[in-house]
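Okay, structure first, notes after.
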Amino acid sequence: MKVYYDDEVDALYLKLGDETPDGVIEISDGVNIDTTSENKLVGIEILNASKKIDLKTMLSYSFEFEKKLVIQQETA
């Protein structure tokens with residue numbers, strides 16, 4: 001996941017995958033989910049982001065994963 005913030009327009013974008021989106025689902029005013037034709041989620045756009053979330057928390061984050069969620073690839 002990659003996080004992009006544009007302070008000129010106060011927009012936050014969470015890029016969830018490398019696929020090119022071809023559809024958008026608006027889940028609330030200024031919050032949009034980008035999807036593929038297979039309904040795969042590839043991004044989340046939040047307009048007027050500083051009014052909807054704490055940007056300090058979002059732009060400095062950490063992740064915790066359970067072992068069963070991490071997929072390991074075998075090397076040849």
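Points worth noting:
- Filtered by the rule that a residue be of a type outside the set (Asp, Glu) and surrounded by fewer than 15 Cβ atoms within 10 Å (Cβ to Cβ), region 34-46 gives Thr36, Ser37, Asn39, Lys40.
- When the residues of region 20-76 are filtered to those that are among the acidic types (Asp, Glu) and modelled with pLDDT under 70, the one that is farthest from the chain's Cα centre (by Cα) is Glu74.
- Counting only residues that are more than 10 Å from Leu41 (Cα to Cα), in contact (Cβ under 8 Å) with a residue 12 or more places away in the chain and not hydrophobic (A, V, I, L, M, F, W, C), region 4-17 holds 3 of them.
- Condition broken by Leu14, with the remaining ones in (1) farther than 15 Å from Met58 by Cα; (2) in a strand (DSSP E or B) satisfied: (1)
The values are calculated or read from the model by the stated rules, or taken from the named source; none is laboratory data. Because the structure is predicted, anything quoted here is derived from the model rather than measured. As a convention, Cβ positions derive from the backbone with ideal geometry for all residues, glycine included, and neighbour counts pool all protein chains shown.
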